[in-house]
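Asker: For reference, the structure I am asking about is given below.
The values are calculated or read from the model by the stated rules, or taken from the named source; none is laboratory data. Given the structure is predicted, the values throughout are model-derived calculations rather than measurements. For neighbour counting, all protein chains shown are included, and Cβ atoms are generated from backbone atoms with ideal geometry for every residue, glycine included. Calculation scope for accessible area: heavy atoms of the full protein, side chains included, ligands and nucleic acids excluded. Shrake-Rupley method; radii C 1.70, N 1.55, O 1.52, S 1.80 Å.
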Amino acid sequence: MQILSIHLKNIKSHRDTELSFSSGINVLSGPNGAGKSTVFEAIGYAMFGVDAKDFVSNVDRFLTIGTKKGEISVVFRADDGETYRVSRTVGTGVKWLLAKEIGGGFEVEDHARIEETEARVAEILGLDNGRPLAEQFKLVIGPFQNDFLGPFIIKQGTKRKDAFDEILGIDAWRKTEIGTRGLLNAVQKRIEILTAEVEGKQEQLAVLPDKTVELAAIRNDAAGRLKDLKDKEPTLVTMDAQLVQLEAQEKAIAALNGDVQVLNSRITEGNGKIAEQNLRIEESQKALKIVEKSKHGMEAFDKIEACLVELRQKDQQRRVVEKEVVGLEQEALRLSQLLEHERTEIGKAGKQLDAEQEKINTARKELQPDAQMSAAAACVPELRNELEAKRGKRALLDGRRESMLEGKEKLAEGVCPYFQEQCHNIAGTESRDVFSSRIEEQDRQVTELDDQIKELALKLKDAESAEKILNNHTIRLHELDRQADGLEERYIRNRERADGLETITKQLTEAARLVEVRKADLKKSFSDLDVAIAQAEQERLQHQPARDAYTANLNVAQDLEPRLLHLQKMQRLLETLTGEINVKQGELAKKKGGFEPEQLQKVRLDKETLLAEVATLRQQIIDLERNAERLVSEINHLNKIQVEIEAKQVEIKSFKEKEKLVKFLRTQVFKNVSAQLSERFREEISLRADRIYRTIAESDEELNWGDNYQIVLRDMQDGAIRERSDDQLSGGQMMSAVVALRLALLQTIGARVAFFDEPTSNLDAARRENLAQAFRAIDVGREEVTEHWYDQLFLVSHDVAFTEITDKIIEL
């Protein structure tokens with residue numbers, strides 16, 4: 001098997017890195033932080049399924065800073081020559097895909113779950129030994145840099161033994177032996193529980209014979225009582241028929257008695273109602289006489305009442321007219337007040353408008369500009385232009401003066417002020433001062449310009465002040481024009497208001513005329529109305545008693561005929577009831593003649609006695625049947641318990657056989673196999689590791705992997721065997737021994753690829769070089785070291801010794 005290449009995208013420091021590898025030994029070299037160990041971690045993550053949290057505390061730290069997702073792809077060739085690509089993403093929604101190269105491209109295999117992908121990769125790598133790929137990588141194939149010494153330096157022998165048993169895969173026997181201890185306890189506990197249950201159920205079975213005898217006695221008693229019940233039932237039927245006949249006679253007599261009583265009650269009530277109806281007829285006859293006597297007075301009352309209605313309507317008309325007159329008088333008063341108010345307001349407004357017009361005229365005269373100020377304001381643009389020209393000329397003179405000063409300095413140094421180089425015209429001669437007179441002339445011109453600028457500035461200031469005053473006057477005149485326009489509008493509105501006085505005067509005259517007209521109508525049409533109303537009310541009072549008597553008795557008098565008819569109807573009904581009661585009394589006498597109440601009472605008592613006896617027998621039979629059902633249920637339950645006891649006894653026998661088997665396996669098999677496998681692995685690995693160690697250390701020390709996987713070095717000192725282990729070994733000796741043992745472990749478990757991260761730590765120069773030669777010896781398969789058992793070996797190292805023995809150096 002050979003890893004061909006790896007592609008890392010957004011993994012730690014590798015934003016987009018692709019590396020290719022050769023067979024044999026590959027060395028990754030580069031400065032710290034270049035991402036050498038990250039390449040090993042990426043191979044473990046993508047190819048062996050190691051969890052990212054085994055490298056970093058948080059999955060996000062396995063990604064490049066600022067990214068949310070990364071991917072690792074590893075291309076490798078299997079032992080059968082087929083090429084595969086395994087890829088795994090980092091971040092949310094992790095995908096692990098295996099693809100096979102077909103026709104120059106990779107075709108992804110269809111796996112439903114990650115577990116299927118892992119199993120397929122393990123099969124291709126030849127590591128399908130039942131242990132997870134990630135576990136094999138972390139423990140043996142590619143231990144992390146900090147875990148390289150790992151279990152080798154554990155001080156406690158028991159913990160170290162547990163760690164290496166797990167690495168070698170023989171911890172399953174020890175764990176099985178420990179685990180079966182609980183199984184044995186569970187089996188023994190189950191036997192105890194079943195035995196206790198059997199004993200308890202056997203105690204329950206002791207009452208089974210007694211319950212069988214009790215059931216037979218109950219069934220015999222129930223049969224006897226059932227026979228007595230059947231004997232009494234015919235007598236009860238005969239007695240029921242006799243009682244029904246007697247009770248029917250009793251009910252018929254009671255019904256006739258009820259009918260007679262009802263008829264007597266109705267006859268008595270009818271006689272009372274007839275007497276009451278006679279009184280009502282007498283009342284109607286008296287009322288009729290009163291109505292006839294008071295009819296003339298009632299008619300006179302109605303006539304006067306109709307006259308009063310007409311008079312009151314006329315009175316309402318008078319009030320409407322009076323109200324109209326009051327309204328007209330109020331309107332005339334309002335118009336008179338309005339006319340006076342308007343005249344006063346119009347006079348005030350005219351005076352106020354004249355005063356405001358006078359103020360505006362005065363202000364206009366004050367704002368008229370004089371000729372001198374207007375002339376000064378007109379000179380502002382000319383003065384500004386002249387002043388700007390003088391200032392520009394002044395600035396130009398300043399620039400020229402600076403240039404002349406600079407030229408004077410350069411000329412004094414013998415440098416041409418124009419070409420900025422040595423002047424040959426004045427070389428070897430005394431310097432000539434050609435700029436001083438010009439500068440003095442410039443200063444004189446500047447002084448004159450300053451005086452002129454000052455004078456122009458003063459004139460401009462006065463002109464601008466005059467211009468500002470004129471502008472303010474213009475604005476004020478515009479404001480006065482606006483006020484004059486508004487004043488004219490108010491003059492117009494005031495004149496229109498004065499014109500409206502004539503309309504108000506006309507309205508006032510018309511209102512006064514209407515008041516006089518309506519008052520004349522009142523006097524003419526309603527002068528004697530109050531006298532007529534008073535006379536009519538007096539006459540109505542005279543006829544009021546006759547009208548009240550007529551109204552109070554009219555309804556009663558009109559009810560005379562219906563009351564007479566109702567009396568006749570009631571008399572006919574009374575005669576009918578009298579005939580019905582005579583018939584009912586005859587039937588009642590006939591029924592009582594053939595009926596004996598004492599006989600009915602005796603039959604009822606006899607039936608109640610017989611019913612009580614029958615009910616008692618039936619309840620006794622029901623109770624006996626319930627007891628029988630209960631006993632049958634209990635007996636069936638006991639029979640089931642008997643079956644359960646037999647089944648549990650069989651189960652107890654089976655568990656005792658299992659107990660014997662588990663004890664045998666724990667004492668004779670599991671306990672010994674783990675120790676025997678450990679010893680065999682240690683012997684084989686010690687033999688291979690010793691040869692590798694001797695090559696690395698170049699010493700005559702023997703490396704032995706002792707009990708509890710303790711590293712032991714043996715040599716001869718003063719003719720005696722000396723053994724050293726743990727703290728007695730130097731750092732270099734310990735590292736050399738660990739490297740040798742790890743190489744031997746890889747060969748033992750059958751891994752064809754391995755990863756070593758900084759294996760030369762704590763080794764001196766000689767040992768580092770020897771370790772490199774040992775790797776090369778393994779690579780070429782030298783007999784004195786070991787046979788060539790791997791396809792690829794990956795190392796992270798800064799050591800120059802490895803550059804001479806490696807097949808490929810990858811610089812990061």
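Asker: Is one or more of the residues making up region 571-586 surrounded by fewer than 11 Cβ atoms within 10 Å (Cβ to Cβ) and touching a residue at least 24 places away in the same chain (Cβ under 8 Å)?
Answerer: No, the conditions are met nowhere in region 571-586.
Asker: With respect to Tyr693, determine if the residue is touching a strand residue (DSSP E or B) at 6+ places or on another chain (Cβ under 6 Å), surrounded by 15 or more Cβ atoms within 10 Å (Cβ to Cβ) and modelled with pLDDT under 85.
Answerer: Values: touching a strand residue (DSSP E or B) at 6+ places or on another chain (Cβ under 6 Å): yes; surrounded by 15 or more Cβ atoms within 10 Å (Cβ to Cβ): yes; modelled with pLDDT under 85: yes.
For Tyr693, the condition - touching a strand residue (DSSP E or B) at 6+ places or on another chain (Cβ under 6 Å), surrounded by 15 or more Cβ atoms within 10 Å (Cβ to Cβ) and modelled with pLDDT under 85 - is met.
Asker: Please give the number of the condition Thr503 fails out of (1) among the hydroxyl-bearing types (Ser, Thr, Tyr); (2) touching a residue at least 60 places away in the same chain (Cβ under 8 Å); (3) over 30 Å from Ile304 (Cβ atoms).
Answerer: (2)
Asker: Open to solvent by 40 Å² or more (accessible area, probe 1.4 Å) and either over 30 Å from Lys591 (Cα atoms) or among the small types (Gly, Ala, Ser) (or both): is that true of Thr180 in this structure?
Answerer: Working: open to solvent by 40 Å² or more (accessible area, probe 1.4 Å): no; either over 30 Å from Lys591 (Cα atoms) or among the small types (Gly, Ala, Ser) (or both): yes.
When the stated conditions are applied, Thr180 does not pass them.
Asker: Does Asn278 satisfy the condition of being closer than 30 Å to Leu554 by Cα, of a type outside the set (Ser, Thr, Tyr), in contact (Cβ under 8 Å) with a residue 40 or more places away in the chain and in a helix (DSSP H, G or I)?
Answerer: It is true that Asn278 is closer than 30 Å to Leu554 by Cα, of a type outside the set (Ser, Thr, Tyr), in contact (Cβ under 8 Å) with a residue 40 or more places away in the chain and in a helix (DSSP H, G or I).
Asker: Quick check on Asp54: is it farther than 25 Å from Phe144 by Cβ and surrounded by fewer than 21 Cβ atoms within 10 Å (Cβ to Cβ)?
Answerer: no
Asker: Among the residues of region 246-286, how many are open to solvent by less than 80 Å² (accessible area, probe 1.4 Å), over 17 Å from Glu575 (Cα atoms) and charged (D, E, K, R)?
Answerer: Matching residues across region 246-286 total 2.
Asker: In region 455-465, how many are surrounded by 12 or more Cβ atoms within 10 Å (Cβ to Cβ) and either free of Cβ contacts under 8 Å to residues at least 24 places away in the same chain or within 22 Å of Glu406 (Cβ to Cβ) (or both)?
Answerer: 2
Asker: State whether one or more residues within region 549-558 are assigned to a helix (DSSP H, G or I) and out of contact with any helix residue (DSSP H, G or I) (no Cβ under 9 Å at 6 or more places or on another chain).
Answerer: no
Asker: Right, here's the next one. For the structure I just gave you, tell me whether Lys468 is without any contact (Cβ under 8 Å) to a residue 60 or more places away in the chain and part of a helix (DSSP H, G or I). Break it down stepwise before answering.
Answerer: Working: without any contact (Cβ under 8 Å) to a residue 60 or more places away in the chain: yes; part of a helix (DSSP H, G or I): yes.
Criteria met by Lys468.
Asker: Determine the pairs where a residue that is under 18 Å from Glu123 (Cα atoms), located within region 743-756, has a partner that is open to solvent by 20 Å² or more (accessible area, probe 1.4 Å) and part of a strand (DSSP E or B) with Cβ atoms under 9 Å apart, the partner being 6 or more residues away or on another chain.
Answerer: Pairs found: Arg752/Gln2; Val753/Gln2.
Asker: Can you tell me which residue in region 19-51 is least open to solvent (accessible area, probe 1.4 Å), limited to those that are at pLDDT 90 or above and in a loop (DSSP other than H, G, I, E, B)?
Answerer: Among those that are at pLDDT 90 or above and in a loop (DSSP other than H, G, I, E, B), it is Val50.
Asker: Kindly check whether there is at least one residue in region 90-98 that is over 40 Å from the mean Cα position of the chain (by Cα), farther than 19 Å from His7 by Cα and open to solvent by less than 80 Å² (accessible area, probe 1.4 Å).
Answerer: The answer is no; no qualifying residue exists.
Asker: Also, quick follow-up: State which residue is nearest to Gly750 (Cα to Cα) when the search covers only region 664-704 and only residues that are among the basic types (Lys, Arg) and over 60 Å from the mean Cα position of the chain (by Cα).
Answerer: So, considering only residues that are among the basic types (Lys, Arg) and over 60 Å from the mean Cα position of the chain (by Cα), the one nearest to Gly750 (Cα to Cα) is Arg688.
Asker: Could you give me the residue pairs with C-beta distances under 6 Å whose first residue belongs to region 527-547 and is in contact (Cβ under 8 Å) with a residue 12 or more places away in the chain and part of a helix (DSSP H, G or I), whose second residue is of a type in the set (Gly, Ala, Ser) and open to solvent by less than 60 Å² (accessible area, probe 1.4 Å) wherever it lies, and which are 6+ apart or on separate chains?
Answerer: Listed pairs, sorted by first residue: His543/Gly297; His543/Ala300; Ala546/Ser294; Ala546/Gly297.
Asker: Quick check on Asp606: is it farther than 23 Å from Glu322 by Cα and surrounded by 13 or more Cβ atoms within 10 Å (Cβ to Cβ)?
Answerer: Details: farther than 23 Å from Glu322 by Cα: yes; surrounded by 13 or more Cβ atoms within 10 Å (Cβ to Cβ): yes.
Yes, satisfied.
Asker: Please work out if Val50 is closer than 23 Å to Gly105 by Cβ and either within 43 Å of the chain's Cα centre (by Cα) or of a type in the set (A, V, I, L, M) (or both). I'd like the intermediate steps shown before the answer.
Answerer: On the way: closer than 23 Å to Gly105 by Cβ: no; either within 43 Å of the chain's Cα centre (by Cα) or of a type in the set (A, V, I, L, M) (or both): yes.
Answer is no for this residue.
Asker: Here is a check on your reading of the model: is Glu101 part of a strand (DSSP E or B), open to solvent by 40 Å² or more (accessible area, probe 1.4 Å) and over 22 Å from Leu127 (Cβ atoms)?
Answerer: It is false that Glu101 is part of a strand (DSSP E or B), open to solvent by 40 Å² or more (accessible area, probe 1.4 Å) and over 22 Å from Leu127 (Cβ atoms).
Asker: With Asp79, Asp16 as the choices, which residue is open to solvent by 10 Å² or more (accessible area, probe 1.4 Å), without any contact (Cβ under 8 Å) to a residue 12 or more places away in the chain and not small (Gly, Ala, Ser)?
Answerer: Asp16
Asker: Given the structure, is Ala376 on the phi < 0 side of the Ramachandran plot, at pLDDT 85 or above and of a type in the set (A, V, I, L, M)?
Answerer: no
Asker: Identify, please: which residue in region 62-91 is farther than 20 Å from Gly35 by Cβ and out of contact with any helix residue (DSSP H, G or I) (no Cβ under 9 Å at 6 or more places or on another chain) and is, among those, modelled with the lowest pLDDT?
Answerer: Gly81
Asker: Of the residues that make up region 337-345, is at least one open to solvent by 60 Å² or more (accessible area, probe 1.4 Å), out of contact with any helix residue (DSSP H, G or I) (no Cβ under 8 Å at 6 or more places or on another chain), farther than 30 Å from Asp485 by Cα and not acidic (Asp, Glu)?
Answerer: yes
Asker: Looking only at region 360-367, decide whether some residue is assigned to a loop (DSSP other than H, G, I, E, B) and under 20 Å from Asp481 (Cα atoms).
Answerer: The answer is yes, given that some residue of region 360-367 is assigned to a loop (DSSP other than H, G, I, E, B) and under 20 Å from Asp481 (Cα atoms).
Asker: Here's a follow-up. Testing Glu322 on (1) exposed (fewer than 11 other Cβ atoms within 10 Å of the Cβ); (2) of a type outside the set (Gly, Ala, Ser); (3) in a helix (DSSP H, G or I), one condition comes back false. Which one is that?
Answerer: Only one criterion is unmet by Glu322, namely (1).
Asker: Here's a follow-up. Looking at region 218-245, which of its residues are within 14 Å of Asp623 (Cβ to Cβ), open to solvent by less than 70 Å² (accessible area, probe 1.4 Å) and aliphatic (A, V, I, L, M)?
Answerer: Once the filter is applied, which keeps residues that are within 14 Å of Asp623 (Cβ to Cβ), open to solvent by less than 70 Å² (accessible area, probe 1.4 Å) and aliphatic (A, V, I, L, M), region 218-245 yields Ile218, Ala222, Leu229.
Asker: Being assigned to a helix (DSSP H, G or I) and closer than 30 Å to Asp606 by Cα, is that true of even one residue in region 257-271? Give the derivation first.
Answerer: Keep residues of region 257-271 that are assigned to a helix (DSSP H, G or I), which gives 257-271.
Retained after the next criterion (residues that are closer than 30 Å to Asp606 by Cα): 257-258.
Yes, region 257-271 contains a residue that is assigned to a helix (DSSP H, G or I) and closer than 30 Å to Asp606 by Cα.
Asker: Could you list, in sequence order, the residues of region 466-482 that are surrounded by 14 or more Cβ atoms within 10 Å (Cβ to Cβ) and either closer than 15 Å to Gln357 by Cβ or of a type in the set (Asp, Glu) (or both)?
Answerer: Once the filter is applied, which keeps residues that are surrounded by 14 or more Cβ atoms within 10 Å (Cβ to Cβ) and either closer than 15 Å to Gln357 by Cβ or of a type in the set (Asp, Glu) (or both), region 466-482 yields Glu467, Leu480.
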